[in-house]
1. For labels at residue 198 and residue 27 in the simple 7 Å Cα→Cβ model, what's the distance in nm?
2. Can you compute the FRET efficiency between residue 333 and residue 181 using 1/(1 + (r/R0)^6), with r the Cβ-Cβ distance and R0 = 25 Å? Round to the nearest 0.05.
3. Assuming R0 = 41 Å, what is the FRET efficiency of residue 283 and residue 81, from their Cβ-Cβ distance, to the nearest 0.05?
4. Compute the Cα gyration tensor for segment 13-58, then decide on rounded, prolate or oblate, letting a ≥ b ≥ c be the square roots of its eigenvalues: rounded whenever a/c is under 1.5, prolate when a/b is larger than b/c in the other cases, and oblate in all that remain.
5. Starting from the residue with the highest accessible area, list 82, 76, 18, 93 in decreasing order, probe 1.4 Å.
6. Find the accessible area per residue for segment 173-218; the probe is 1.4 Å, ligands and nucleic acids are left out, and the unit is Å².
7. At R0 = 22 Å, how high is the FRET efficiency between residue 162 and residue 291 if r is their beta carbon distance? Nearest 0.05 is fine.
8. Give me the net charge for the shell around residue 4: Cβ to Cβ below 14 angstrom, other residues only, Lys and Arg +1, Asp and Glu -1.
Amino acid sequence: MGAIESWGEEKESAYLYRVLAEAEPAADRRTLFAALAIEAEKQAAIWEHQVRLSGTTAPPAYAPSWRARLVARLVRRFGPERMRAVLAAMKVRGMSIYGEGEAEHSMPTSIEEVGRRHRAAGASSLRAAVFGVNDGLVSNASLILGVAGATGVGNHTDFILISGVAGLLAGACSMAAGEYVSIRSQREMFERQISMERDELKQYPIEEAAELALIYEARGLEKEDAARMATRIVANPERALDTLAREELGLDPSALGSPWLAGASSFAAFAVGAIVPLAPFLVSSGRTALLAAVALTAASLFSVGSVISLFTGKSALWSGARMLLIGGSAAAITFLIGHLLGVNPG
């Protein structure tokens, strides 16, 4: 990124910080954003000086882009916390103060703790897998029972089988594509932010340390301790990049995996759930297959609900019964609608 583009980025950040300072109801956070606006203006001045030294035409007076004006309106309408993901993508620092849970983003008390506190990737992956299986189970069971209701209970097994396979493949591919795009976009945003932070660390490490110190101070550290810790962090470029991503931008580098792996995992999780109500039709037919599909689906819904209780802390029995009721109701409604419509595939 050139000096003029970097100047524009810092001016945009300063503009958005001022908007945040106006919209933020908490006094300490207003103070933080006002101070960050001043720091961003200082960094913009450094880039403007670089432009002049290079002999390039000096930047014109800054005017907010349409995107910055739109985000500013949304911040004023919905508040800074609800817009933190968008603001982080626009390189607005300090978003870690709106972290999802204090335990995940609590204030480090020593430099050794910096960067250690982040989400448990394993638990997050397990939770995503469980919900992926549940999506496949409920959606394909509903599809299969809806087709069975429309074509006649126990009749036209081949038609039901084709519909179930199509539902499995379509749903799994859709889940995989959506997850791939989501993770790919997150990675691109993260890579862009890290690249910009790396350039800024080289260009003005003192100013970067000052910004980081302001964030630590806003989160409860004494001013002198915040400044000391920020200076020590910025002195180590590799640690500084990781810390700036977490503390300034609210990004978690460890939470972003491979888009291909995420897509494949989503495909597999959905397919595992979707195969359950379909399996009986692969080995049997008629009412026997339909009743087996209903029994397998019911047992699986209860099991998935019980596993979900690991993440919610609720009773396994209650969670299993609730999932059975919800999923069973969806399948029953679809079956009823199919039965009322009634078709003859010929």
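1. 4.3
2. 0.25
3. With a Förster radius of 41 Å, E is 0.20.
4. prolate
5. My answer, sorted largest first, is 82, 76, 18, 93.
6. Result: 49 Å² of accessible area for each residue.
7. 0.65
8. With Lys, Arg at +1 and Asp, Glu at -1, the net is -4.
The values are calculated or read from the model by the stated rules, or taken from the named source; none is laboratory data. Everything quoted here is computed from the prediction, not taken from an experiment. Note: ideal-geometry Cβ built from the backbone for every residue, glycine included; neighbour counts use all protein chains shown. Note: accessible area is taken over every heavy atom of the protein model, side chains too, but ligands, DNA and RNA are not part of it. Shrake-Rupley method; radii C 1.70, N 1.55, O 1.52, S 1.80 Å.
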